[in-house]
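Comments concern the structure below.
Readers should treat all values here as calculations from the given coordinates under stated rules, not as data from a laboratory. Small disclaimer: the values here were computed from a predicted structure and weren't measured. Here the Cβ positions follow ideal geometry from the backbone for every residue, glycine too, while neighbour counts run over all protein chains shown.
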Amino acid sequence: MTARRLRDFAARLAPPLCAGIAMLAAWELWVRWTDPPRFLFCAPSEIWRDARARAGELAMATWNTTVAVAWGFALSAVVGVAAGVILSANRLVERAFYPFTVILQTVPLVAIAPMLVIWLHAGVRAVSVCAFIVSLFPVVTSTLIGIRSIPNPQVELFWLYGARPWARLFQLKLPGAVPSIMAGLRIAAGLAVIGAVVGEFVAGELGAERGLGIVVVVAAKQGELPMLFAAVALASLLGIAMVGGVNAAAYLLMYRWHVSQRPD
Amino acid sequence: MTASLSETPRLSPGTVAPGMPVGITGLVRRFTTQASAPVEVIAGVDLEVPASQFVALLGPSGCGKSTLLRLVAGLDTPDGGAVAVGGRPLRRREHPEALAFVFQEAHLLPWRTLVKNVLLPLELRGMAIGERRDRALHMLERVGLSDARERYPSQLSGGMQLRGSLARALVTDPRLLLLDEPFAALDEITRHRLDALIHELWCERRFTALFVTHSLREAVFLAQRAVMFSRRPARVVADRPIDLPGERNDQLRGLVTYNELVARLYQDLLIAEAGA
């Protein structure tokens, strides 16, 4: 049984791994053959070399960004689900407040980040709030849609048996909305990484607390192309890890009953 | 009222409370759409259902039978007239007690196992954990689903899901059971089995039943009385007793009287369809 699961896992992991290696190899060969100027382009092997040379610095930066992403994402998960529940409870409340959540989605982060610096000072708190703002909207919307999509007879069943509001929330609305909420969290997880990195451009700390966004800014200014690539790669890995975490949570919550988790 | 049940002996002794009578007087329901004038769905229906009677509600599709059922359950509010359940008028947005509703589809909660679905009504009414589980397990045994108790709805066939929803409806020992075409989507054999099951349960518990169906055979098999509604807006066009032996089984389906009753209801349906 475990041997089989291991084999299944390998079978899932092999295709993206092979594709990734093939693309890296093509990139490496292309750089070696055409030999572009190094301030314009560099090879994967050069990125790897520089990244190893400054591994401590990159690890610290990745950790600092991870902390901001984790805070921002956790906050948007809690606030987003709560806001979705509140909006779903009343049409009037939804009509009054839903348009304002769209503002969160459309206002450019770089435009509000300076305000956050004024209120919170540059640093992990301001960066976390950036990650939070960018990732909030999909959680609110998916919670709202999930609750609204619960079949009418199920709602009526709870009414017929005189269910209390708490029972309606925890036994019907939240479990019924879980598939939709998970889809929203998956989008939010990636957005939180983008929010934190972009947030650091404006609201990041420069000292020992600096994150991947600052590494990107500094490397770009100093023309250290390999460091720039390394920081981008680490940010993507962080995003993949976040989405993977949400997928794992979705699996644990739904594998017994929801079609989205059935084996292929 | 022809087929009152007072003379029928109760098949199972014990604690089961008898059914509740239902009184419907001058019931009117209109639906307003923004596009057009209000559509009258039910136009002055009067219907007296004595305690423990099994009544089939028949009529052309979309005639308002389901709306009538929803009004009796308090899931919808009438525009005129009144519904009384158990001799007491139903107030607006009141949770009716001792009433259960079986929907067209099973609508089990997909994230709960079968047994947890069946005990849900008891849980919502605040019964203690051990007791509600015992009662749900007993009910599952009664509908023949004991082996499937820990399965999730997605792992059950359509017929099993409907049996589960029947168990969920009956676990509270309702005195009025409302069924809204519950078996419309099933194959013939499964449907016959479930009809037989409902009949058995009704014989045991003697709840009052209002059963909306499109199948005349099902109506004759189960009911003591068949009420035929006209095309929308719904009015009663025929109200017939079904005089068949108290105990219904598969042999009944071959009887001449059974088939005559089905044929007569078919005539009623043609009249109703023509828009009497």
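Please say if the range B:95-218 is rounded, prolate or oblate, where rounded means a/c under 1.5 for a ≥ b ≥ c the square roots of the C-alpha gyration tensor eigenvalues, and otherwise the choice is prolate for a/b larger than b/c and oblate otherwise?
oblate
Can you give the longest stretch of chain A with no exposed loop site, where a site means chymotrypsin sites (Phe, Trp or Tyr not before Pro) in a DSSP loop (not H, G, I, E or B) with at most 14 other C-beta atoms within 10 Å?
With a cap of 14 other Cβ atoms within 10 Å, the longest stretch comes to A:40-254.
Between B:Thr25 and B:Gln155, what is the label-point separation in nm under the 7 Å Cα-to-beta-carbon projection?
Label at B:Gln155, label at B:Thr25, 5.3 nm between them.
Just to confirm a number: summing +1 for Lys and Arg and -1 for Asp and Glu over residues other than B:Ala185 whose beta-carbon lies under 15 angstrom from that of B:Ala185, what do you get?
Taking every Cβ under 15 Å from that of B:Ala185, the sum is -4.
For B:Lys116, go through the lysines and keep the ones whose alpha-carbon is under 19 Å away, minus same-chain ones fewer than eight residues off.
Qualifying lysines at Cα under 19 Å: A:Lys173.
Would you mind finding the longest exposed-site-free stretch of chain B, with exposed GluC sites (Glu not before Pro) meaning DSSP loop and at most 13 other Cβ atoms within 10 Å?
B:151-246
Mind listing which GluC sites (Glu not before Pro) in the range A:167-264 are in a DSSP loop and have 11 or fewer other Cβ atoms within 10 Å?
Those that pass, being in a loop and sparsely packed, number zero.
When chain A is treated as a GNM, springs tying every alpha-carbon pair under 10 Å, which of A:Ala61, A:Ala219, A:Ala192 comes out with the largest mean-square fluctuation?
Between A:Ala61, A:Ala219, A:Ala192, it is A:Ala219 that shows the largest mean-square fluctuation.
Students often forget the sequence filter, so: which lysines lie under 16 Å Cα-Cα from A:Lys221 once same-chain residues fewer than 8 apart are removed?
Here the lysines satisfying the reach criterion relative to A:Lys221 do not exist.
Using a Gaussian network model on chain B with a 10 Å cutoff between Cα atoms, which of B:Leu124, B:Leu90, B:Leu176 fluctuates the most?
Answer for the Gaussian network model of chain B: B:Leu124.
Most fluctuating residue of A:Met227, A:Met60, A:Met23 in a GNM of chain A with Cα springs under 10 Å: which is it?
Of the options given, A:Met23 has the highest mean-square fluctuation.
Which of rounded, prolate, oblate describes the range A:47-261, given a ≥ b ≥ c as roots of the alpha-carbon gyration tensor eigenvalues and a/c under 1.5 marking rounded, otherwise prolate only if a/b is larger than b/c?
prolate
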